[in-house]
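Reviewing the structure listed below.
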Amino acid sequence: MSRNKTFIVTGGLGFIGSHFIEKALDAGYTIINIDNETYAANKDLKFSGNYSHIKEDISKIVDLPHCHAIINFAAESHVDNSIEDSFNFIRTNVLGVYNLLEIIKNKNIKNAIAAWEYECPLFVQISTDEVFGDIEEGFFRETDRHVPSNPYSATKSSAEQLVTAWGRTYKIPYIITRTTNNYGQRQHSEKLIPKSITSILNGEKIPIHGNGTHIRNWIHVEDNVDAIFKIIESGIKNESYHISSSEEFSVKEAVEIICKNTNSDYENVTSNVMDRSGADIRYALDNTKLSKLGWKQKRFFETEIQKIIEDYRSKKL
Ligand SMILES: NC(=O)c1ccc[n+]([C@@H]2O[C@H](COP(=O)([O-])OP(=O)(O)OC[C@H]3O[C@@H](n4cnc5c(N)ncnc54)[C@H](O)[C@@H]3O)[C@@H](O)[C@H]2O)c1
């Protein structure tokens, strides 16, 4: 895909979407961000470049501007919230995706001139390792069966089913990326890494679900964004890709690394809270397909965590 094109990014004021927008603007794309600014949005974030923002809900918007690709990051993304109340998850993560696909199918494109020939945009659905549920050994491949364990992952799985079905029936070209636990600058404070760092810096306890033994794969947000770009720019369509790193360790081990880099003692700064109902033991994705496109992990947990801690200390975050 050549770089003088227009991307609609949804959820671009969120954690991963905002990093994607920065990279896309740097690369010369025009970006239209559709974000209704939920509690998770970085509302003060400013982008420089060919950028505009439409404050709309993806489940309610009735038409879209002309674009070459829609990259759908918009979601309710916090598992704990989905266990408390799943309605917003159904609305954004399922009905939102349905609505966007219907707009594409029905060619509801704003300002389209009569003579303009409709070119179906690429739909990129940003999904999660959680759609597969957990795996004690081995790695999930792209074609494995979904067995989601919680309301959040069930809505993300449902969205994927819509994307592949609309792709096949209505010939909407699509890509699905599934990624593991992202970390990096600008993540909402409800998530483990920012919560751990801010709790330590504020002298508060870090709540650890269960004994912290659940294993996750940790990927830096910019490595994830690089991979999404690599896939889009490869021109491949109607495929799914796994995006994961080489770094797999438990929640306890992740927090211990933060403790080491803040001179804190794990036992003193944490308190165990009841495990999540239905908690997954281990997520793990096989990323061989992505590696064949030439993507490589460039950022590593401990080095990046030091930079994030520094940003919190100097109040850049
Ligand atoms: N963060 C992770 O570790 C992770 C891992 C795997 C997959 N994902 C997926 O990546 C995507 C982005 O995750 P994130 O962590 O950046 O999320 P986030 O919660 O930080 O941001 C979500 C953004 O979407 C916007 N939004 C929510 N509902 C909307 C709606 N109805 N209409 C328009 N905008 C809406 C919010 O205002 C916010 O800016 C999500 O689809 C998530 O499922 C995230």
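Only the coordinates and a few stated rules stand behind these numbers; no lab work does. In this text the structure is predicted, and so the values were computed from the model without any measurement. Glycine also receives a Cβ, built like all others from the backbone with ideal geometry; neighbour counts cover every protein chain displayed.
Compute the Cα gyration tensor for region 94-133, then decide on rounded, prolate or oblate, letting a ≥ b ≥ c be the square roots of its eigenvalues: rounded whenever a/c is under 1.5, prolate when a/b is larger than b/c in the other cases, and oblate in all that remain.
Prolate.
Put a dot 7 Å past each Cα toward the Cβ at E56 and I236; how far apart are the dots in nm?
3.1
Could you bin all the Cα-Cα distances of region 50-146 into 10 Å bins starting at 0 and give me the percent of pairs in each, rounded to whole numbers?
Per 10 Å bin, starting at 0, the Cα pair percentages come out as 12, 37, 30, 16, 5, 0.
Trypsin sites (Lys or Arg not before Pro) within region 146-208: which are DSSP loop residues with at most 15 other Cβ atoms inside 10 Å?
Here the sparse-neighbourhood loop sites are K171, K205.
Go through region 32-137 and name the chymotrypsin sites (Phe, Trp or Tyr not before Pro) that are in a DSSP coil and have 12 or fewer other Cβ atoms within 10 Å of their Cβ.
Those that pass, being in a loop and sparsely packed, are Y39, W116, Y118.
Give me Rg over Rh for region 1-88, both radii from the alpha carbons and Rh done the Kirkwood way, two decimal places.
0.99
Among DSSP beta bridges whose residues both lie in region 6-307, state the antiparallel percentage, nearest 5.
Around 5 percent antiparallel, to the nearest 5.
List S59, S271 from most exposed to least, where exposure is judged by having the fewest other Cβ atoms within 10 Å.
In order of increasing Cβ crowding within 10 Å: S271, S59.
Which percentage, to the nearest 5, of the DSSP beta bridges contained in region 166-317 is antiparallel?
Percent antiparallel among DSSP bridges in region 166-317 is about 20.
Which of the lysines could be linked to K260 by a straight reach, that is with a Cα gap under 23 Å, when you skip same-chain ones fewer than 8 residues away?
Reachable lysines: K191, K195, K205, K252, K298, K307, K315, K316.
What is the Cα centroid distance between region 146-212 and region 239-263, reported in whole angstrom?
Answer, in whole Å: 14.
Around K298, what is the net charge, scoring Lys/Arg as +1 and Asp/Glu as -1 over all other residues with Cβ under 9 Å from its Cβ?
Summing Lys and Arg as +1 and Asp and Glu as -1 gives -1.
Multiply the residue separation of F249 and A165 by 0.36 nm, subtract the distance between their alpha-carbon atoms, and state the gained length in nm to one decimal.
Result: 26.7 nm gained on full extension.
Within region 213-235, what residues put their amide N at less than 20 Å from the label point 7 Å along the Cα-to-Cβ vector of M274?
213-214
Just to confirm the number: angle between the C-alpha axis of helix 251-260 and the first principal axis of the chain, 0 to 90 degrees, nearest 10?
70
Taking region 113-163, which GluC sites (Glu not before Pro) meet the DSSP loop condition and have no more than 15 other C-beta atoms within 10 Å?
E117, E119, E136, E137
Counting other beta carbons within 10 Å of each residue's own, what order do E84, E239, E253 fall into, fewest first?
Fewest-to-most Cβ neighbours within 10 Å comes out as E84, E239, E253.
Angle check, please: helix 192-202 long axis (alpha carbons) against the longest principal axis of the chain (alpha carbons), in degrees 0 to 90, nearest 10.
Taking Cα atoms only, the helix is inclined about 50 degrees.
Need one number: convex hull volume per residue for the chain, Cα atoms only, in Å³.
Spelled out: Cα convex hull of the chain, divided by residues, is 127 Å³.
Tell me, what ³J(HN,Hα) does each residue in region 61-78 have, in order and in whole Hz, if you take phi through Karplus 6.51 cos²θ - 1.76 cosθ + 1.60 with θ = phi - 60° and put x for Gly and Pro?
4, 9, 8, 10, x, 4, 7, 9, 8, 10, 10, 9, 8, 4, 6, 7, 10, 9
How compact and how long is region 201-251, expressed as Rg and Dmax of its alpha-carbon atoms in Å?
16.3, 49
Amide H to amide H under 5 Å from N181: which residues, 5+ apart in sequence or cross-chain, H placed 1.01 Å off N in plane?
N217, I219
Classify region 209-317: rounded, prolate or oblate, from the alpha-carbon gyration tensor (a ≥ b ≥ c, eigenvalue square roots; a/c under 1.5 rounded; otherwise prolate if a/b is larger than b/c)?
oblate
Pulled fully out, how much extra length does the chain show between K260 and K315, if you take 0.36 nm times their separation in residues and subtract their Cα-Cα distance?
Going from the current span to full extension adds 17.8 nm.
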